[in-house]
Every structure is written in structure tokens, then in C-alpha cells.
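Please read the structure below before turning to the comments.
The values are calculated or read from the model by the stated rules, or taken from the named source; none is laboratory data. Just so you know, these numbers come straight off a predicted model, no measurement behind them. As a convention, Cβ positions derive from the backbone with ideal geometry for all residues, glycine included, and neighbour counts pool all protein chains shown.
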Amino acid sequence: MADPSRTAAEITAALGGAGNITDIENCITRLRIGVADVAAVDTDRLKATPDVLGVVVDDTMQVVLGPGLVDDVARHMSAAADAPLTAGPAGASAEDLSARGAEIKARQKARNQTPVKNFLRRIANIFLPLIPALIAAGIIAGVNGILTNLVTNGSAPWLAGVTPALGAVAGGFMSLIAVFVGMNAAKEFGGTPILGGAIAAIIPSAAVANVTVLGEALSPGQGGVVGALLAAVLGAYVERWVRSWAPRSLSMLIVPTVTVLVTGLVTIFLLMTVAAWISTGIGTAANWLLSVGGPVAGFVLGGLFLPLVMFGLHQALIPIHTTLIEQDGYTILLPVLAMAGAGQVGAAIAVFMRLRRNQGVRRTIKSALPAGFLGVGEPLIYGVTLPLGRPFVTACVGGAFGGAFIGTFVQLGTTVGSTAIGPSGWALFPLVTGSGGIGPAIAVYAGGLLVGYLAGWAATYFFGFTRETLAELNAADTLTTAEPQEAGPADLAGTPEQVAGPTAAGPASTSVPAGSGRRK
């Protein structure tokens, strides 16, 4: 069993020590760590750390650990990072180290960062901390829906006193989600979190119903998380502007008052209306995409999702999912995107069957498949399909066919959605619902998973390897080389330095000859 404290210590050391860590955050499967000096990071050592499933090298280092373990490691690392910083190398002054670090960081940013990438990272940072509460609210809402049906059809009338309480528990967070978005957005854009929350709190306030804009009364909650996001970002800029001219002796009174007043009025008379148009547009576009595009839209969405997961960019979809949940009660996109994980599982099973003599790969698949069935794709991505090359592409094909299956049913009128975001695979079943109720939605989602498994398996089994590559990978009983190929799916999205899978010293020893994913 993994030792979180030991794993945290080894990751910290590979990152250049606690003094080189500036920020630590985590999502469901990966750590996101800010470092002061990128040159101080030993990437090879980080990849070789036991329990590390993959590494994405960027201005913010991403270390894939998987669910559960990532939370424990994050806590241990945060505690260590709070310790007093150690002295730098002998003979180097603080000014020299600072200048060197700033120069290296500037070069790294110029090479790896783009405006789009920076924007997506900021959006993800705003919504990532909300995922645990979204999952809890979604599961409780799903359970409450089932119990409510039992009460309605007379099967369990004694539950009539329980369902209202569960409804309040499930709905409490969603009724105030705008406030939490506002607080995180203000922090991310350089403002005071509590002021961002105060501004965003205007949106769900019942008092806005007394305000008329363009001849129509506002509705509490109008604009949702989009409005909260816009309002809080504007508030951060207004706050910084006010601080620039407010007398220091009066800043405690002037800054918050002017910030909340100015931004609040703009929010009421402009942003709530504009955000409502945007939110409605997102909902309309998502539903139209699948109801009209059907299997084609599902094929494209399911097929392209794995590369997004590989780089963590799928987090940028969180605001869209959240907006759909606010409007419709569920997000229609998540079940389609979840098919990417099904294709990954099918591909891994095919690899297991084809590489009968490669015990390193087979052991990795055995350990990663349970997580894969539960919708955690990083272990299979970084430990199996991506290093092998072509199986990553065939896994995407499996996800595409699973997405097409669900898209077909949506076009026929049976929508499938999720009441929360975060889980995938089998773990998504408790959250699945749709226009026809829970039963039909679960049946369609299960069918999509099955199609994804079968398509991913078939594409990988028959087209995942060339004859020569298959012979090489099965050439010995135990093969231990584990370097990602020089050309393959990773090259479609980044350089080999940006995408790093496990090495031979890591937990997933995968035998991959150089260039094994290319046609020979």
C-alpha cells in the first residue's frame, strides 16, 4: 500500500525541496504544484517516484497520482512547504539566486505558455475547489430523486418526511454556488475573496426581483455562475483601481465600499442580463449540438476528450457543465465525454491480450484497470496507451464510438445527463438522469460504456500494433524499458518534455521500443 508521507517527501525532493514550492493544489487525480525555479526540478526523478503515474511539465507542474492518494499527498506536502525555507547553495547570494530563478522562469513561461493556456488554467483554478461539493450535492440529489419517486408511487410513504430534508441538503450548495465562484474568481484575479463573494451574492439575492432592467424584472439567480464569474473579475480590477488612489488611512473604508457599490450596480444593470444571454446560449448550443448532430457530435466529442484529459485541459469545461446543471438540472455533455474512459479500458484489455509475454505491461494494466472502470483514466493513459503510441489513438476511437451511441439516443429524444461533475465510468451511475427519467438514462449510458469498451478493444486488438512491433514487445518474458516513443499521440499536443510517463524505475514498467507506435 502506498505511503502518502513517503511519496510526498520524494515528490518534494524531486521538485527541488520545500523551498522551491510556491503553491500546491489538487483535483481528483493530480497535484498542481507551482515552483519558483523550474531548473531545480528533477523531472526524471519525479517520473521514477513510486506511485507517480505521470508528469506534465509546465509552469505549474502536474503530478498524476490517482484518486484518494492525491489528497493525502497534497496534505503532507502542504505541511512540509510551510516549514522554514532552507538556505541556498554555498557561494550564491540571495540576489544571484533570485535573478537566476526569475530568468529561468521567464524563459519557461515564454516557451510553454500561451494566452489560451493561461486563460484555461485560471478558469480551472476557480472551479476545481468546487468539485467535491458538486459531487456531494449531485449524489444526494440523485438519491433524493429515487426516494421521491418511491413516495409518489406509494411504495414508501414513510419517506415523505425525509425527502424535503434531503432536498434542502442537496440544494443548499447549488443555491449559493455563485458566491463560491465569486470568491475563487476574485482570488485568482488579484482581488479580495470576500469582496468577490459579496458582489456575486447579489445574483441569488431575492432583492433583485424588485429591480427592472430593459422593462423586465430581474430574477434571483439570473446569469448564474457566468454572471458571478464576470462580476467577481470586474470587482477585482475595480478594487485594484480604488487601492491605487485611496488614501492609506481611509482605504479600509473606501476600498470595499466603492468596490462593492460600483461593481454591484454594474452587475445588476448590465452583467446579470448579459450573463443570462450567455448562459442561455451555452445551454441551447449544448442541447442543439447533440439533438441535431447526434451520433456525429457524440463521435467527435468522445474521440477528442482523451487528449484533453492527458493535459488536464478538460477542467476548462467545468463552467459549461456547471451552467448546464444550473439550467437543466444535469449536464448533457458529461456522459458523452465519459465514453473516452470506456475506450481507454477497452484498449487496455486488448493490449493485455496481445502482449501475452510482456509481464511488465500486463502488471501495469492489472493494477490500473479497476481505476479505469471507475472513470480514472490517467493510470492507463500514462502507464499503458500513451507510451505505446498507437493504442492511445485506438482508445480515442473507442471513446468516439461510445459517444456516437449516446448521441444517437439523444437525437432520438432520450437525453442522458449527469447531476454533478467529477466522476466518470461506473462511478457516474449514481448521478445519471435524463428527460425520460433515471431508468432509460442509465440504460443508454450503460450501452454507451459497452460500445466504448468493445470499440476500443477491437480497434486496438486489430490495429493497435504493427506485426514487427508486436514481435518486439513479446520478444522476452520480462521487458523493462519504459520510455515514451519519439513520435506518437504525444506529439499531437506537446513536446516529449511536456508529457512524461512512468519510467522503468516507477510503478509502471512498460516495455516500449523507440518508435514502436509508428508504422514500419
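Could you tell me how many of the residues in the stretch 180-217 are buried (at least 23 other Cβ atoms within 10 Å of the Cβ), β-branched (Val, Ile, Thr) and part of a helix (DSSP H, G or I)? So the count comes out to 2. State which residue is modelled with the lowest pLDDT when the search covers only the stretch 318-354 and only residues that are among the hydrophobic types (A, V, I, L, M, F, W, C) and farther than 24 Å from Val397 by Cβ. Taking the candidates together, the pick is Ile318. The number of residues in the stretch 7-23 being without any contact (Cβ under 8 Å) to a residue 24 or more places away in the chain and more than 22 Å from the chain's Cα centre (by Cα) comes to 1. Remark: pairs (first residue in the stretch 39-51, under 14 Å from Ala9 (Cα atoms); second residue at pLDDT 85 or above and of a type in the set (Ser, Thr, Tyr); Cβ separation under 9 Å; 6+ apart in sequence or on different chains) = Thr49/Thr7; Pro50/Thr7; Asp51/Thr7.
Residues checked against (1) in the same structural domain as Ala340 (by TED's automatic domain parsing); (2) assigned to a helix (DSSP H, G or I); (3) touching a Ser or Thr at 6+ places or on another chain (Cβ under 9 Å); (4) buried (at least 17 other Cβ atoms within 10 Å of the Cβ):
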site	(1), (2), (3), (4)
Phe392	yes, yes, yes, yes
Val397	yes, yes, yes, yes
Phe401	yes, yes, no, yes
Val410	yes, yes, yes, yes
Phe429	yes, yes, no, no
Tyr461	yes, yes, yes, yes
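Flag: Ala316 does not match the condition of being in contact with a Pro (Cβ under 6 Å, 6 or more places away or on another chain), within 28 Å of Val57 (Cβ to Cβ) and touching a residue at least 60 places away in the same chain (Cβ under 8 Å).
Looking across the stretch 151-186, the residues that are free of Cβ contacts under 8 Å to residues at least 24 places away in the same chain and β-branched (Val, Ile, Thr) come down to Val151, Thr152, Val162, Thr163. No other residue among Leu261, Leu230 is surrounded by fewer than 16 Cβ atoms within 10 Å (Cβ to Cβ) and not hydroxyl-bearing (Ser, Thr, Tyr) apart from Leu261.
For the stretch 412-422, a residue qualifies if it is surrounded by fewer than 24 Cβ atoms within 10 Å (Cβ to Cβ) and touching a Phe, Trp or Tyr at 6+ places or on another chain (Cβ under 9 Å), and exactly one does: Thr415. Residues in the stretch 147-178 that are aromatic (Phe, Trp, Tyr) and surrounded by 14 or more Cβ atoms within 10 Å (Cβ to Cβ): Phe173 alone. Does the stretch 240-248 contain any residue that is closer than 22 Å to Asn125 by Cα and in a helix (DSSP H, G or I)? Checked against the condition, which is being closer than 22 Å to Asn125 by Cα and in a helix (DSSP H, G or I), the stretch 240-248 yields at least one hit. Scan the stretch 36-80 residue by residue and report those that are under 22 Å from the mean Cα position of the chain (by Cα) and assigned to a loop (DSSP other than H, G, I, E, B). Within the stretch 36-80, Asp51, Val52, Leu53, Val57, Asp58, Asp59, Leu65, Gly66, Pro67, Gly68 meet the criteria.
Is it true that Arg390 is among the charged types (D, E, K, R) and free of Cβ contacts under 8 Å to residues at least 24 places away in the same chain?
Criteria not met by Arg390.
Condition check for Arg121 on (1) in the same structural domain as Ser279 (by TED's automatic domain parsing); (2) within 27 Å of the chain's Cα centre (by Cα): one failure, at (1). Evaluating Ser251 against the criteria (1) touching a helix residue (DSSP H, G or I) at 6+ places or on another chain (Cβ under 7 Å); (2) farther than 22 Å from Gly172 by Cα; (3) touching a residue at least 12 places away in the same chain (Cβ under 8 Å) leaves one unmet condition, (3). Among the residues of the stretch 341-380, those identified as among the aliphatic types (A, V, I, L, M) and either closer than 16 Å to Ala459 by Cβ or not in a helix (DSSP H, G or I) (or both) are Ala342, Val345, Ala347, Ala348, Ile349, Ala350, Val351, Met353, Leu355, Leu374, Val376, Leu380. Does Leu386 satisfy the criteria of being more than 19 Å from the chain's Cα centre (by Cα) and either surrounded by 24 or more Cβ atoms within 10 Å (Cβ to Cβ) or not charged (D, E, K, R) (or both)? The answer is no for Leu386.
Of the set (1) modelled with pLDDT of 50 or more; (2) in a helix (DSSP H, G or I), all apply to Ala476 but (2).
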